[in-house]
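Novice: What follows is a single structure, and I will ask about it in a moment.
The values are calculated or read from the model by the stated rules, or taken from the named source; none is laboratory data. Just so we're clear, the structure is a prediction, and the values are computed from it rather than from any experiment. Note that each Cβ is placed from the backbone with ideal geometry, even for glycine, and that neighbours are counted across all protein chains shown.
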Amino acid sequence: MPQTTSFETLLCEIEGQTALVTLNRPQVLNALNGQVFTDLKEVFSQLAEDARVRVILLTGSGEKAFAAGADIHELAATGGSLGQALSHRGQSVFRHIETCGKPVIALINGFALGGGCELALACTLRIAASTAQLGQPEVRLGLIPGYGGTQRLPRLIGPSAALKLLVTGERIDAVEALRMGLVDEVVASAELIARGRQLAQAIVSMAPLAVAACLEAVYEGADRDLDSALRLESRIFGRLCDTADKVEGTRAFLEKRQPHWTGK
């Protein structure tokens, strides 16, 4: 039976080796306020330490929104020093999600705007429902993205395409997001969770230390020069060569059978 834990603003369901985290403020389109950040930090801290969990799915409740952005009522009352602190906190939580050591798949079921788009950007992969809309409309409020959007978006889709979205505040649909490389797949809304679980199961079937090492190599190597990043890759490759899972994986391949991973 799935194990479900309720937080003030989200739900977490663990079934097998997959966790499903659902933002649960549908009455405000799952807008991100201070409590949401508190709950996200707590749940991802717990899941990072939970040896049962290999993949984390992240979505929004209701049919309209993944997360429609920051809570505008909070922003309207925010001055300069508090604004910087709020930005830093949001960046810290999203970085925690990005570097939790486990693949996180955003299942974008509707609006992913502003902070909601930035939350999706902090995930490992993004699958969008065909009805999804994405964008960074902060310029319409006299602001810029404050939770990493100006940095992750150009790294993902290139500076020119990112700047077009940033300076126009334009919303794009799922098909355009796929064309730009902002999302990895587009599926029918009714198939979104099932596709997420299918992809999670494909990842779960792989060697756990190798999956974690892929994340480590990509994220730690991204800001290094190529020579330094290649040395990092070699160190990680060598480390994996000393694992029981590498012995099992190569042996299973040669014996034409499925491997049995132990994470050691």
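Novice: If we keep just the residues of segment 179-230 that are in contact with a strand residue (DSSP E or B) (Cβ under 7 Å, 6 or more places away or on another chain) and among the acidic types (Asp, Glu), which is farthest from Val104 (Cα to Cα)?
Specialist: Result: Glu185.
Novice: A further question on this structure: Would you check if there is a residue in segment 19-38 being touching a Cys at 6+ places or on another chain (Cβ under 6 Å) and either of a type in the set (Lys, Arg) or surrounded by fewer than 22 Cβ atoms within 10 Å (Cβ to Cβ) (or both)?
Specialist: For segment 19-38, residues touching a Cys at 6+ places or on another chain (Cβ under 6 Å) and either of a type in the set (Lys, Arg) or surrounded by fewer than 22 Cβ atoms within 10 Å (Cβ to Cβ) (or both): absent.
Novice: On to the next question. Specify the residue that is nearest to Ala222 (Cα to Cα); the eligible residues are those in segment 150-170 that are surrounded by fewer than 17 Cβ atoms within 10 Å (Cβ to Cβ) and among the basic types (Lys, Arg).
Specialist: The residue in question is Arg155.
Novice: One residue is enough: does segment 170-193 have a residue meeting the conditions over 24 Å from Ala19 (Cα atoms), free of Cβ contacts under 8 Å to residues at least 60 places away in the same chain, small (Gly, Ala, Ser) and not assigned by TED's automatic domain parsing to the domain that holds Glu98?
Specialist: Taking segment 170-193 and keeping what is over 24 Å from Ala19 (Cα atoms), we get 170-181.
Filter again for free of Cβ contacts under 8 Å to residues at least 60 places away in the same chain, leaving 170-173, 175-181.
Imposing the further condition that a residue be small (Gly, Ala, Ser) reduces the set to 177, 181.
Checking the rest, the ones that are also not assigned by TED's automatic domain parsing to the domain that holds Glu98 come to none.
No, segment 170-193 contains no residue that is over 24 Å from Ala19 (Cα atoms), free of Cβ contacts under 8 Å to residues at least 60 places away in the same chain, small (Gly, Ala, Ser) and not assigned by TED's automatic domain parsing to the domain that holds Glu98.
Novice: When both residues are 6+ apart or on different chains and their Cβ atoms are under 9 Å apart, which pairs have a first residue that lies in segment 39-51 and is on the phi > 0 side of the Ramachandran plot, and a second that is surrounded by fewer than 16 Cβ atoms within 10 Å (Cβ to Cβ)?
Specialist: The qualifying pairs do not exist here.
Novice: Given the structure, is Ala161 touching a residue at least 12 places away in the same chain (Cβ under 8 Å) and among the small types (Gly, Ala, Ser)?
Specialist: Answer is yes for this residue.
Novice: Okay, moving on. For segment 1-11, give me the residue count where each residue is under 17 Å from the mean Cα position of the chain (by Cα) and loosely packed, with under 13 Cβ neighbours inside 10 Å. Quick ask: steps written out before the conclusion?
Specialist: Taking segment 1-11 and keeping what is under 17 Å from the mean Cα position of the chain (by Cα), we get 10-11.
If we keep only those that are loosely packed, with under 13 Cβ neighbours inside 10 Å as well, we get none.
Final tally of qualifying residues: 0.
Novice: Of all residues in segment 138-164, which are over 20 Å from the mean Cα position of the chain (by Cα) and not β-branched (Val, Ile, Thr)? So that I can check it myself, show each step before the final result.
Specialist: Within segment 138-164, the subset over 20 Å from the mean Cα position of the chain (by Cα) is 138-144, 159-161, 163-164.
Listed by number, the residues that qualify are Glu138, Arg140, Leu141, Gly142, Leu143, Pro159, Ser160, Ala161, Leu163, Lys164.
Novice: Next question. Filtering segment 12-50 down to residues that are part of a strand (DSSP E or B) and over 16 Å from the mean Cα position of the chain (by Cα), which residue is farthest from Gln91 (Cα to Cα)?
Specialist: Going through the qualifying residues, I end up with Glu15.
Novice: Filter segment 221-257 for residues that are touching a Ser or Thr at 6+ places or on another chain (Cβ under 9 Å) and either closer than 28 Å to Phe94 by Cα or in the same structural domain as Glu98 (by TED's automatic domain parsing) (or both) and give the result.
Specialist: Gly221
Novice: Now for a separate question. Just one of the numbered conditions (1) free of Cβ contacts under 8 Å to residues at least 40 places away in the same chain; (2) assigned to a strand (DSSP E or B); (3) over 28 Å from Asp223 (Cβ atoms) is not true of Arg140; which one?
Specialist: With (1) free of Cβ contacts under 8 Å to residues at least 40 places away in the same chain; (2) assigned to a strand (DSSP E or B); (3) over 28 Å from Asp223 (Cβ atoms) applied to Arg140, the lone miss is (2).
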